Structures are given as structure tokens and as C-alpha cells.
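Structure first, then comments.
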Amino acid sequence: VPSVGPSSDRVPGSLLGSAPMPAQPLWEQRFRAPTRTLPAWGPAAPDRVVLMSDEQGSFQAYAWEPGSDPVRRTDEPVGVSLATVSADGSSVVWFSDPTGDESGRWLAVPFEGGNPVDLSPGAPVGCPEGLSLGRELALAVLADRDGFAVYVSEDGGAAKEIHRHPDVIGISDSELHV
């Protein structure tokens, strides 16, 4: 009668004395490999870079100075799809979409870490259609149910709607297209 119960001759990694479990297939290892995006850097601070990576699950924004390891600066529940660095390199900037419905706001956190601030305080949440950052001004285009609006904030002050249109408005390569 064969014995039942723990056996000292069991192969590690096997289930109840069966053959070892197969390793994860190569195609699945590739599919699950972490991804890093191309970096973005500010013209006044080329040594300060922002990139996104999904190495901890969902895509998040990371601050990176070459020669060091990237440091995670966001903790968005459904991840980050848009991130950059401020013009002077002082902040990590991203579009915060906490529910994944493509509606949110632009936030910034100091490159070294800290509490995030709204780049367009007072502007309604909306779908991101572009962002242009200067040393003193932040210009954001947000889409909502009423169309597209351009908001400008000076030195972190309340955002002012300066243009609205029912058709598409966007920012591309730091140029406003109306």
C-alpha cells in the first residue's frame, strides 16, 4: 500500500508529487514585461526627465535624472496616460483621470516629490486636448459637453477661460490651433 501524506522525495515546485509546474511561456513573459515610454524633458533643464512605466502595474509618471533610478511620482488608481516635465524642470506634470472616464485635470508635483497642485485651479474637469507650459503661464485645452475651451493660469492663479468653441481646439507642438 503506497503511503499518503508528505513525502521527502517530492520534487520542489511540483504539485503533490507530480511533474514540476511548467515555467511561464515565453510569449506570456514578453506580454507581461514592464514598459517604459520615451522620456520628456524641459528645455531649461535637460537633466530632468519624466517618463511613464507600468512596472508596478498601471502606467505611472516617474521623475528621472540620468545616472540615477527613476522615482515614481504619481499614484493614479487607473494609471496615467499623459505626463511631461515643466518648462523649468521643477515639476512632474500629468493628466489626472482618477476614474478612467477620460475626464480630469492637469496636476503637477515637485520633481523631488511632495503634494500635487492643480495647474488650472477653478477650471472644470474635462478631456485633455492639449497643454502648453511656460515659466509663468499654463495653458490647457479641455473638452466638455459644451465643446472645447482654452484656459490660462498665471503663476498658479485661478484659471480663466479665454476661448470656447463647439468644434475641436487643440495644442500641438506648443502651438494653439483654433
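Quick notes
- Extension gain for the segment S81 to L137, taken as residue separation times 0.36 nm less the Cα-Cα distance, is 17.9 nm to one decimal.
- Label-reachable residues, region 130-147, where backbone N falls under 19 Å from a point 7 Å from V168's Cα toward its Cβ: 130-132, 140-147
- DSSP-assigned coil residues among GluC sites (Glu not before Pro) in region 108-141, each with at most 16 further Cβ atoms within 10 Å: E112, E136
- Relative contact order, percent, region 107-166 [alpha-carbon distance under 8 Å, six or more residues apart]: 28 percent
- Computed with a 1.4 Å probe on the full set of protein chains, the accessible area for T35 sits at about 60 Å².
- 22 Å tail of the calculated P(r), region 20-124, as % of Cα pairs: 35 percent
- Potential lengthening of the chain between S90 and L26 amounts to 19.0 nm, from the contour at 0.36 nm per residue minus the alpha-carbon distance.
The values are calculated or read from the model by the stated rules, or taken from the named source; none is laboratory data. As the structure is a prediction and not an experimental result, all values here were calculated from the model. Positions of Cβ are generated from backbone atoms using ideal geometry, with glycine treated the same way; all protein chains shown enter the neighbour counts. When the accessible area is computed, the model is the full protein with side chains, heavy atoms only, and any ligands, DNA or RNA have been set aside. Shrake-Rupley method; radii C 1.70, N 1.55, O 1.52, S 1.80 Å.
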